[in-house]
1. Working only within segment 267-294, note down all residues that are within 17 Å of the chain's Cα centre (by Cα), of a type in the set (A, V, I, L, M) and in a loop (DSSP other than H, G, I, E, B).
2. Would segment 100-110 turn up any residue that is touching a Lys or Arg at 6+ places or on another chain (Cβ under 8 Å), more than 16 Å from the ligand (Cβ to nearest atom) and under 21 Å from Trp51 (Cα atoms)?
3. Please work out which residue is farthest from the ligand (Cβ to nearest atom), limiting yourself to segment 169-203 and to residues that are within 23 Å of Leu235 (Cα to Cα) and assigned to a loop (DSSP other than H, G, I, E, B).
4. In segment 212-233, which residue that is touching a Ser or Thr at 6+ places or on another chain (Cβ under 7 Å) and among the polar types (S, T, N, Q) is surrounded by the most Cβ atoms within 10 Å (Cβ to Cβ)?
5. Got a sec? Which of Ile126, Ile63, Ile58 is within 16 Å of the ligand (Cβ to nearest atom), touching a Ser or Thr at 6+ places or on another chain (Cβ under 6 Å) and either in contact (Cβ under 8 Å) with a residue 12 or more places away in the chain or under 24 Å from Thr186 (Cβ atoms) (or both)?
6. Please determine whether any residue of segment 318-327 is in a helix (DSSP H, G or I) and in contact (Cβ under 8 Å) with a residue 12 or more places away in the chain.
7. Can you report the number of residues in segment 206-218 which are within 18 Å of Gly47 (Cα to Cα) and out of contact with any helix residue (DSSP H, G or I) (no Cβ under 6 Å at 6 or more places or on another chain)?
8. Could you check, for segment 141-150, whether at least one of its residues is free of Cβ contacts under 8 Å to residues at least 12 places away in the same chain, surrounded by fewer than 22 Cβ atoms within 10 Å (Cβ to Cβ), part of a loop (DSSP other than H, G, I, E, B) and more than 16 Å from the ligand (Cβ to nearest atom)?
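Read-outs throughout are calculated quantities, based only on the coordinates presented, and are distinct from any laboratory measurement. Keep in mind it's a predicted model, so treat the numbers as computed, not measured. Cβ: placed from backbone, ideal geometry, glycine included. Neighbour counts: every protein chain shown.
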Amino acid sequence: MKKILYVLAFSLCATGAAAQDEFHQETAVEVTPGAKAPHLGMTPQMGWSTWNKFGGNINEKIIRDMADKLVELGLADAGYVYLNIDDCWHGERDKDGFIQVDSERFPSGMKALADYVHSKGLKLGIYSDAGCMTCAGRPGSLGHEYQDALQYARWGVDYLKYDWCNTNDVNPHGAYTLMRNALAETGRPIFFSMCEWGHSKPWEWASDVSHSWRSTGDIGLSFRDNIKHDTWTQLSVLTIVDINEKLRQYAGPGHWNDPDMLECGNGFTVAQDRSHFTLWAMMAAPLILGNDLTNISKETFDIITNKDVIAIDQDILGVQGLRQSVDNGLEFWFKPLIDGKWAFTIFNRNESDASYVLDWQKFNFTDDLSGRATAFDSTVYDVKDVWSNAPKSLKTTKKGATLRIPGEDVVTFVLTPRRQ
Ligand code: GLA
């Protein structure tokens, strides 16, 4: 089979975690026709997207500003390297059928924008749709898949989010496989992010088609209740968590469940933002920011740049965490990490504050998916309190503690086994 060798700077999102340094290297990537680009998404993708904050009101200034901010604020160094343009960048097709940018909004063109984004050390993402039109009514890729993929590669695009509006009787497996093959044929490694909202259970068939698939409908700026519109519903953080947590067996390096982009910094309380971000990390979800980076509060900044929480998300074991148990609205989440470590989060789903007496021995269990056991009865772990909101005395799992967890907030620990 014909193979195209492609050399690229291969970086798995700098999180500061030492274990990931070995992955920061120049490597030869083979792009194989008929296969998704290998080695991409070995940890969940991280970046920023236009959609949650700006919707369809986008232009090249926004993209340039966000590129500048991703670098200036240290977000790129924290791992947020994909700068993704969502719906509404499209103009018309030219006489040969090649898609063009909306030249009023993007007067310099997409190639110049890609060059700018790359000059900042970032990667450029773009958006299209498997139907005849995008969700916002711009031209879709149906019938133009190979041309569109070629155009993206010529522009220097690194990431494609491929949506599912206006698809009528199109077969999802066929449509996404077609675009996967079209991307591969360009020879450029392009991250492929499926956005089919989980309708056809893509987790059952898409692990060799894409690097991630949306597991739910669209997120809305609501923590608890869904937002109902005339013809569609935006899902709350809690609704999405309840759908996505059941799919953990399908996630892994190179193929992630995607519970949609982050709403941190868009209007949630600090506790809600912290829980949203932490639960996404516990679920090994893509971390795609959606807030205005030119106007960001210290609280939001501290949440989205918490190195320990990002490292939980980006852990190279790549196991999606589980909601191990629930007690009076307190949810106990565990995520196995590399080197025998665990991430442990207590999420207070109630609106009221909770006082909780933590007894580690209640949490002896074996995770069947990873085969890992907490074994608090035989293993002592050092405890790192990653949000610095638990009692300082809680240093190991030898003793418990009484925790105060505000409504809709989290306490999160990284547990490192002591050498015997
Ligand atoms: C769909 C997707 C969203 C966004 C919009 C753009 O609703 O699920 O994430 O891309 O389309 O129109």
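1. Here is the first cut: in segment 267-294, the residues within 17 Å of the chain's Cα centre (by Cα) are 273-291.
Then drop every residue that is not of a type in the set (A, V, I, L, M), which leaves 279, 281-285, 287-289.
If the condition is that a residue be within 17 Å of the chain's Cα centre (by Cα), of a type in the set (A, V, I, L, M) and in a loop (DSSP other than H, G, I, E, B), then Met283, Ala284, Ala285 are the ones that fit.
2. Yes.
3. Narrowing segment 169-203 to residues within 23 Å of Leu235 (Cα to Cα): 172, 193-203.
With assigned to a loop (DSSP other than H, G, I, E, B) added as a condition, the list becomes 195-201.
Values: Cys195: 5, Glu196: 9, Trp197: 6, Gly198: 11, His199: 11, Ser200: 15, Lys201: 17 Å.
Filtering segment 169-203 for residues that are within 23 Å of Leu235 (Cα to Cα) and assigned to a loop (DSSP other than H, G, I, E, B), the one farthest from the ligand (Cβ to nearest atom) comes out as Lys201.
4. My answer is Ser212.
5. On the way: Ile126 fails: touching a Ser or Thr at 6+ places or on another chain (Cβ under 6 Å); Ile63 fails: touching a Ser or Thr at 6+ places or on another chain (Cβ under 6 Å).
Answer to the selection: Ile58.
6. no
7. So the count comes out to 5.
8. yes
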